[in-house]
1. At 10 °C and 1.306 mPa s, grab the translational diffusion coefficient of the range 35-112 from Stokes-Einstein with a Kirkwood Rh over Cα pairs, rounded to a whole number in µm² per second.
2. Can you sort Ile97, Ile124 from fewest to most other Cβ atoms within 10 Å of each residue's own Cβ?
3. For a distance above 13 Å, tell me the whole-number percent of Cα pairs in the range 125-191 that qualify.
4. Work out from phi, with θ = phi - 60° and the Karplus expression 6.51 cos²θ - 1.76 cosθ + 1.60, the ³J(HN,Hα) of each residue of the range 64-78, listed in order in whole Hz, and give x for Gly and Pro.
5. Pull out the extension gain between Tyr186 and Lys213, defined as 0.36 nm times the separation in residues minus the alpha carbon to alpha carbon distance; nm, one decimal.
6. Which order do peptides 61-73, 147-159 fall in by mean Cβ count within 10 Å, highest first?
7. Any idea how far apart Val43 and Phe72 come out in nm if each label point goes 7 Å out from Cα toward Cβ?
Amino acid sequence: MRKTISGIFITSAIILLAVFLMSSSGKDPRPSRQVVQLSGLIVTGDSLKPVSFATIWVKNTRRGTVSDYYGFFNIAVRELDTLRFSAVGYDEVLYVIPDTLSSIRYSIIQVMTQDTIVLPETVIYPWPSREQFRRAFLTVDVPEDDYERAMRNLARAEMKERMENMALDGAGNFRNYMNQQNQQLYYAGQMPPMRIFDPLAWAEFFKAWKEGKFRRSND
């Protein structure tokens, strides 16, 4: 009985010693995988258009990259690594790096299929009664057409009315005040001209008289 127990202890000690020696040596018993510089192009399956800004990352790791605007990408991987290609609107694709490569550089063209997006269900409820629907339909505020709105705003009568009734802003008041000051400084030290002998002023007067601008309003 004691010999059996001693044999078990000796066997266990030998196994632990072998594991310790393997771990202390720092060598992986599995064969080392070769590092490969992978580059490629991501395209759509129906039209072969590039898939811009797709995500490529190595599964079960934190390494990855993003394709550029033209669908090109470049990443360092190891043999037998599983790559995951994903993009908005496309099905995810998995690709395994082969272990039979004869070079450290490898290029691929990855095809991605567009994903069918299912929208949530929309339930349309009817009006409680025909009278309420008729009332809402007749009182709805239909937006005006852009062309009709622009033509109405550009009508000469409306533009003239706006120009006559619209007050000057800050910049307009400043220009008006500066023009008055310039006119006063221009005739400083002399009498300003009398427009009573100006034929253009008389023409403007007769025109305003004919248009009835000097009539008193009944208001």
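Every number in this text was worked out from the coordinates using simple rules, so none of it is lab data. Since this is a predicted model, take the numbers as computed values, not measurements. Here the Cβ positions follow ideal geometry from the backbone for every residue, glycine too, while neighbour counts run over all protein chains shown.
1. Numbers: Rh = 12.5 Å.
Estimated diffusion coefficient is 127 µm²/s.
2. Details: Ile97 19, Ile124 4.
The most exposed by this proxy come first: Ile124, Ile97.
3. Working: 1758 of 2211 pairs.
Pairs farther apart than 13 Å: 80 percent.
4. Coupling constants for the range 64-78: x, 7, 10, 6, 7, 4, 8, x, 7, 8, 8, 7, 8, 9, 10 Hz.
5. Values: separation 27, 0.36 × 27 = 9.72 nm, distance 3.11 nm.
Residue separation times 0.36 nm, minus the Cα-Cα distance, leaves 6.6 nm.
6. Numbers: 61-73: 14.2, 147-159: 9.5.
Packing proxy ranking, top to bottom: 61-73, 147-159.
7. Distance between the two pseudo-spin positions: 1.5 nm.
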